[in-house]
Structures are given as C-alpha cells and as structure tokens.
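Report on the structure given below.
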Amino acid sequence: MRSLWKATASLPEFPELVGDVRTDVLIIGGGIAGILTAYLLHEKGVRYVLVEKGRICSGTTGNTTAKITFQHGLIYDKILKSDGTEAARKYLAANRAAFDKYAELCGKTDCDYEIKDNYVYSTDDRRKLEKEVEALEKIGYIADLCENVPLPVKTVGAVKFPDQAQFNPLKFLSSVAEGLNIYENTFVREMRGNTAVTDKGKIHADTVIAATHFPFINKHGSYFLKLYQHRSYVIALENAQDVNGMYVDECDTGLSFRNYEGLLLLGGGGHRTGKKGGNWAELRAFAAKKYPDSREKHFWATQDCMSLDGIPYIGRYSAKTHGFYVASGFNKWGMTGSMTAAMLLSDMILGKRNGFASVFDPSRSIVKPQLFINGAEAVCNLLTPSKKRCPHLGCALKWNEAERSWDCPCHGSRFTEHGRVLDNPANGDLPK
C-alpha cells in the first residue's frame, strides 16, 4: 500500500537528533502543518527545531487527496447556525488567506498545481445544498448551485466553488522542507513542562507546538473527548473518467473524485477508526461497475481527526498552558487547515494579532452533540473485555481485517498485527 504521492515524489532526508539542544520554538510533528509552520518561522528568522518520529510526511500528509479549497463540505451553514455570522465570515476569510498563500508558494515550486472548480454534491438532500448557498450569500460569498455534475452517481445537485486548486503535496513539501531545521526518527516520548524527552536526548524550548495529528498530551485540553478519528480509502484508476474538477459527497461516507496526470482518484469507503466500513472493497466494486475498463494503479488509506463542531483546534493547547500550542482536527480539509494553522501560530509566536484566532480557539465550548457520542464510545470500549488494549487510555482494540491492523475506536490509535504503533495518540507499541 503506497500512495500515488509517495510513488511520484522524493523527499529530502534529515538527521536524527542526538543529544540535548535548546531552541526558541519546538515543533513536534513533520506533517504539512508542522512543516509549513517551520517554513513561516524560518522566513521570520525565528530559532526553531522540528522533530518527526519517523520520516516527514509519512502519515496523513502523504495519504491525502490533496485538494486546496476553502469549501469544506457544507460547513458555512453549520457555523452560521452554531456560532453566528461573524464566525462564519472569519472562517471563510482565514481559509481564503490560506488558499492565497498556497497560490504564492506553489508559484515558486514544481508541484503540479492546477486551478480546478470544487463541488460538494448530495445524493438525496437538495435542501441542504440550498441552505449552504443561502448561508454563503449572508457572509458575502456567491456560490453556484449546479443542477447536474458529470459523475456516475445520481445527485440532486452540487454547490460549486470556482477556481480552487489541486496539486501533488509531496512535490510541494519537498521544496518547502529543503533547508529547514528538521530532525527525523526523533520520537518525543513525553513532555516535562516545555522540555521534550526523546530516545537520545532532550529538547528545551520556550514555546512548543504539537502538530502531531492527534494531540498526545492527555492532562490538558481534553482532546480525548474533543476529537475522534475517521479512516478513508483511495484508489487511483487508469483508463477511467476525466471529471475535470474536484468532487466530494456532503455525506462522510460518500465518494470523492479528482484526476491527476491521467488517473482518476476515487475516494470513499470511510468509517470511524475501529469500526467497520466499506474500505477499498466498496471502491473496487464501484469501479468495476462504473469503470469496467479501468485498471487500478495505486491504493492507499488515510486517517483524519474530526473535531466536535467541524472547525479545527488551532491556538493554545489549553487555557492553562502558556507557551504550548496545538494544531489538530482538520476534519478532512488538512491542506487549507494546515496553512491556516501555520499562519495563525506563527503570528501568535511573533506576538502579532490575528483576527481569526477566536474562531479556532481550542478552549471554545465543547458542548456539542458529538461530545456525547465520543464519550459513549469511550465508555463502551473501556468496558469491553479484550486482551488487546490501547496503551493510550486503555480502550479495547478492534481488528481491522482490510488493513491487517489493531485499531482503537475511542481515539484512533492503530498498531500493526505485531503491535508496532502506526498512528497516535498512543506513543508506544503494544506490550509483548
């Protein structure tokens, strides 16, 4: 299982950190959020260190579908209803600024950047689409409600954002990461205040940013309640359709479509980590029916952190932590979400006011329906008898037959069949 991006891009290599170091800013996590933050701090002359437990971009970043868009499902109607007009406007403006920053940086790199229209379609609820268009109009953005989309699925329409973009994320990050102060194979096992303890030393920092996908420190922020993880699957098909755009179902378990260099990237089969879902079998069955002459060239899976309200957590790790920041919960929109995080966090560290900070504040209210679902899931799995238990908080692990892994339904940690940790928040292997 290797993503198309990993097969078509070569990333720079960085050394392992050995010994103790001191820095102004420590960034933990070498995915796109961490690397972009390092890049912006590097531009400003800030002294920083970025550490990654394995190779950079080896997690979700290397397994994305790489859509750069400020259309995140049907998010604007949701924010308008829950947080008001000003919050919805700020969310839009922050993600448009992130989109513009990508356009600037991609113009300097060879990353197959292409302008494409983005569509969010529905197979059964046109009123949802109409309400999203109405919400967008209220916050000053005019979107199109399309009657038909060129997909082999029956829809009731789609909301269109013109002139969005797609690219090869690893080609982009290969250029961005070059020359940054990065250490690979440097696993932060624990934090002692603002000191990170690795296998071969300590990193003393004035400021720490956790860009580790799922925040790994449990005693602050309650992220074990505020986040859950969701798996999605992709196959890249040769001799299939050119959809000439980017398409995603408004339903979490629906299908997504985009092209890259003659291949159709078909995504879907999703499910909460640790639960059962369609995975690649669903996609392959769809391809066999709708694209019978196609041939599969690549297949891969990814995992996304889902917040309680559809908005990422970017800012201070908690109200009680000074000099400790977080970027997580990108809800399947990690490209613009990561750039938004990098811009916001670099402003915070430089003492620059950012007008969008309140929208993404990790300490905002957590009284949302998803909170009770996450809590119930945790209690249920904590009480489930099982020999295999997650070392994060002790939940019962479930066997994922499609990917041959042990997965945690509570918080999304994953392990190989032999117990090696694949995905955090667990920061160690299963006991022998």
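The values are calculated or read from the model by the stated rules, or taken from the named source; none is laboratory data. These figures come from a predicted structure and were not determined experimentally. Cβ coordinates were reconstructed from backbone atoms using ideal geometry, including for glycine residues, and neighbour counts include every protein chain displayed. Calculation scope for accessible area: heavy atoms of the full protein, side chains included, ligands and nucleic acids excluded. Shrake-Rupley method; radii C 1.70, N 1.55, O 1.52, S 1.80 Å.
Output the residues belonging to segment 161-203 that are over 19 Å from Asp24 (Cα atoms) and more than 23 Å from the chain's Cα centre (by Cα). Answer for segment 161-203, where residues must be over 19 Å from Asp24 (Cα atoms) and more than 23 Å from the chain's Cα centre (by Cα): Asp199, Lys200. Taken as a whole, the condition of being assigned to a helix (DSSP H, G or I), of a type in the set (Gly, Ala, Ser), crowded, with 24+ Cβ neighbours inside 10 Å and in contact (Cβ under 8 Å) with a residue 12 or more places away in the chain does not apply to Ala7. Take the conditions of a type in the set (Val, Ile, Thr), in contact (Cβ under 8 Å) with a residue 40 or more places away in the chain and open to solvent by 10 Å² or more (accessible area, probe 1.4 Å) and apply them to Ile142. Does it pass? Judged against the criteria, Ile142 is not a match. For Ser294, the conditions (1) under 30 Å from Arg389 (Cβ atoms); (2) surrounded by fewer than 24 Cβ atoms within 10 Å (Cβ to Cβ); (3) of a type in the set (Ser, Thr, Tyr) all hold with the exception of (1). Filtering segment 122-136 for residues that are in contact with an Asp or Glu (Cβ under 6 Å, 6 or more places away or on another chain), outside any helix (DSSP H, G or I) and open to solvent by less than 40 Å² (accessible area, probe 1.4 Å) leaves a non-empty set.
Of the residues making up segment 71-95, those that are among the aromatic types (Phe, Trp, Tyr) and open to solvent by 10 Å² or more (accessible area, probe 1.4 Å) number 0.
Considering segment 282-327, the residues that are assigned to a loop (DSSP other than H, G, I, E, B) and acidic (Asp, Glu) include one that is farthest from His204 (Cα to Cα), namely Asp293. Within the option set Arg127, Arg55, Arg96, Arg89, being out of contact with any Ser or Thr (no Cβ under 6 Å at 6 or more places or on another chain), of a type outside the set (Asp, Glu) and under 25 Å from Thr155 (Cα atoms) holds for one residue only, Arg127. Of the residues contained in segment 54-68, one or more are found to be closer than 17 Å to Asn181 by Cβ and surrounded by 24 or more Cβ atoms within 10 Å (Cβ to Cβ). Kindly indicate whether any position in segment 20-29 is surrounded by 24 or more Cβ atoms within 10 Å (Cβ to Cβ) and in a helix (DSSP H, G or I). No, the conditions are met nowhere in segment 20-29. Scanning segment 30-47 for residues being outside any loop (DSSP other than H, G, I, E, B) and surrounded by 24 or more Cβ atoms within 10 Å (Cβ to Cβ) gives a total of 8. Quick check: is even one residue across segment 312-328 of a type outside the set (D, E, K, R), within 21 Å of Pro169 (Cα to Cα) and out of contact with any Gly (no Cβ under 7 Å at 6 or more places or on another chain)? Yes, that holds for at least one residue.
Scanning segment 269-312 for residues that are under 30 Å from Ser222 (Cβ atoms) and basic (Lys, Arg) turns up Arg272, Lys275, Lys276. In summary, strands (runs of 3 or more DSSP E) completely within segment 148-243 and bearing 3 or more residues that are at pLDDT 95 or above, hydrophobic (A, V, I, L, M, F, W, C) and open to solvent by less than 10 Å² (accessible area, probe 1.4 Å) occur at 158-166, 201-210, 228-238.
Scanning segment 79-98 for residues that are within 18 Å of Gly334 (Cα to Cα) and out of contact with any helix residue (DSSP H, G or I) (no Cβ under 6 Å at 6 or more places or on another chain) yields Leu92, Ala93, Arg96, Ala97.
Does at least one position in segment 99-118 carry a residue that is crowded, with 24+ Cβ neighbours inside 10 Å and hydroxyl-bearing (Ser, Thr, Tyr)? Looking through segment 99-118, none of the residues is crowded, with 24+ Cβ neighbours inside 10 Å and hydroxyl-bearing (Ser, Thr, Tyr).
Among the residues making up segment 252-280, those that are open to solvent by 60 Å² or more (accessible area, probe 1.4 Å) and either at pLDDT 95 or above or within 20 Å of the chain's Cα centre (by Cα) (or both) are Asp252, Thr253, Glu261, Gly262, Lys275. Restrict the check to segment 80-103 and report whether at least one residue is modelled with pLDDT of 95 or more, assigned to a loop (DSSP other than H, G, I, E, B) and under 25 Å from Leu170 (Cβ atoms). No, because not a single residue in segment 80-103 is modelled with pLDDT of 95 or more, assigned to a loop (DSSP other than H, G, I, E, B) and under 25 Å from Leu170 (Cβ atoms). For Gly73, are the conditions met, namely being of a type outside the set (Phe, Trp, Tyr), touching a residue at least 40 places away in the same chain (Cβ under 8 Å) and within 20 Å of Ser256 (Cβ to Cβ)? When the stated conditions are applied, Gly73 passes them. Please tell me if Asp117 is out of contact with any helix residue (DSSP H, G or I) (no Cβ under 7 Å at 6 or more places or on another chain), under 22 Å from Met339 (Cα atoms) and part of a strand (DSSP E or B). So Asp117 fits the description; yes. Just one of the listed residues (Leu50, Leu41) is at pLDDT 95 or above and touching a Ser or Thr at 6+ places or on another chain (Cβ under 6 Å), namely Leu41.
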